[in-house]
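Accompanying notes for the structure given below.
The values are calculated or read from the model by the stated rules, or taken from the named source; none is laboratory data. As the structure is a prediction and not an experimental result, all values here were calculated from the model. Methodologically, a virtual Cβ is constructed for each residue, glycine included, from the backbone with ideal geometry; neighbour enumeration extends over all protein chains shown. Accessible surface areas use protein heavy atoms only, side chains included; no ligands, DNA or RNA. Shrake-Rupley method; radii C 1.70, N 1.55, O 1.52, S 1.80 Å.
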Amino acid sequence: MLVEPGSPTATPRAAAAPGSAAAVAAEVGAAPRRRRGRPNVLSREQVIDAATAIANEDGLDRLSFRALGVRLGVAPMTVHRTIGGLDDLHAELVRRTVDEFTATFVWPDEWHAVVRVFAKTFRDLMRTHPLVLESHSRRGALVSTESDAVVAKVVGALCDAGLPEVEAMYTFFVVYDFVVGHTSVQIGRGDDDTGRPERHTLVGQILGEHSYDTRFDLGLDVLIAGIEARTARLA
């Protein structure tokens with residue numbers, strides 16, 4: 001709750017909604033006054049580039065108009081006028097990042113290979129841009145301009161393999177959930193030795209040195225083998 005300065009008996013005011021003009025004004029209230037003159041001009045692309053860097057380096061929690069203003073060398077209100085609210089900015093970050101990665105897909109013809117290309121490229125996306133994984137965990141499904149086309153390609157390949165359409169859709173989600181879960185564990189533990197799986201006695205005895213890449217590849221092999229067995233039973 002906020003109280004009017006200099007009025008101890010004033011009625012408290014409700015906090016402004018995050019990302020609203022009032023919230024931005026409150027955030028920049030302590031910022032030093034800029035000299036009068038022509039206002040700085042920013043493009044949406046400049047703001048999105050800076051926001052992507054902040055979110056990947058420090059996390060979405062550290063993304064604010066003030067942080068963007070510092071990085072871009074402008075007043076926070078200038079950023080707000082350029083991009084709008086933070087929720088819109090978060091959505092735009094994910095949309096652009098996912099679209100850039102989906103443009104790199106080179107789809108093979110055979111269904112096993114389609115599943116592998118999807119899983120490995122999706123994993124690369126989340127490891128390269130942690131903001132995507134963080135946004136997925138906190139804000140729901142990843143939505144982009146090209147995401148429906150990617151889903152349609154994988155589901156279509158699974159239907160060609162012999163799965164009914166409903167099962168193909170759910171199988172896509174099984175692969176999707178595997179990739180998200182695996183990548184969440186790897187990124188969450190980071191490179192700190194305290195998080196290494198081989199610190200557990202049995203893991204160290206059997207594996208010696210644990211490899212996330214080997215773990216991912218084996219998990220994907222197991223999933224694909226399960227899909228093959230399923231299609232064989234349905235044939």
Pop a pseudo-label 7 angstrom from the Cα along the beta-carbon direction at both residue 233 and residue 148 and give the gap in nm to one decimal. 3.3
Quote the accessible area belonging to residue 71 in square angstrom, nearest 10, computed with a 1.4 Å probe and with ligands, DNA and RNA left uncounted. 110
Express in Å², to the nearest 10, the accessible area of residue 99 obtained by rolling a 1.4 Å probe over the protein heavy atoms while all chains stay in place. 30
Sites residue 62 and residue 225 - FRET efficiency at Förster radius 41 Å, r taken between beta-carbons, to 0.05: 0.45
What list of ³J(HN,Hα) couplings, whole Hz, do you get for region 178-186 from phi and the Karplus terms 6.51, -1.76, 1.60, once you set θ to phi - 60° and write x for glycine and proline? 4, 5, 4, x, 4, 5, 4, 5, 5
Gyration tensor verdict on region 76-235 (Cα atoms; rounded if a/c is under 1.5, prolate if a/b is larger than b/c, oblate otherwise): oblate
Assign one of three labels to region 49-103, namely rounded, prolate or oblate, based on the Cα gyration tensor with a ≥ b ≥ c the square roots of its eigenvalues; rounded applies when a/c is under 1.5, prolate when it is not and a/b is larger than b/c, and oblate otherwise. prolate
Reported to the nearest 10 Å², residue 64 has, with a 1.4 Å probe, an accessible area equal to 30
Which FRET efficiency value, to the nearest 0.05, is calculated for residue 106 and residue 210 with the Förster distance at 35 angstrom and r the Cβ-Cβ distance? 0.70
Across region 59-69, in residue order, what do the Karplus-derived ³J(HN,Hα) couplings come to in whole Hz, using 6.51 cos²θ - 1.76 cosθ + 1.60 with θ = phi - 60° and x for Gly and Pro? x, 5, 4, 8, 7, 8, 5, 5, 4, 5, x
Please list 125, 223 from largest to smallest accessible area, probe radius 1.4 Å, with all protein chains kept in place. 223, 125
First measure r as the distance between the Cβ atoms of residue 189 and residue 91, then evaluate 1/(1 + (r/R0)^6) with R0 = 41 Å and state the FRET efficiency to the nearest 0.05. 0.90
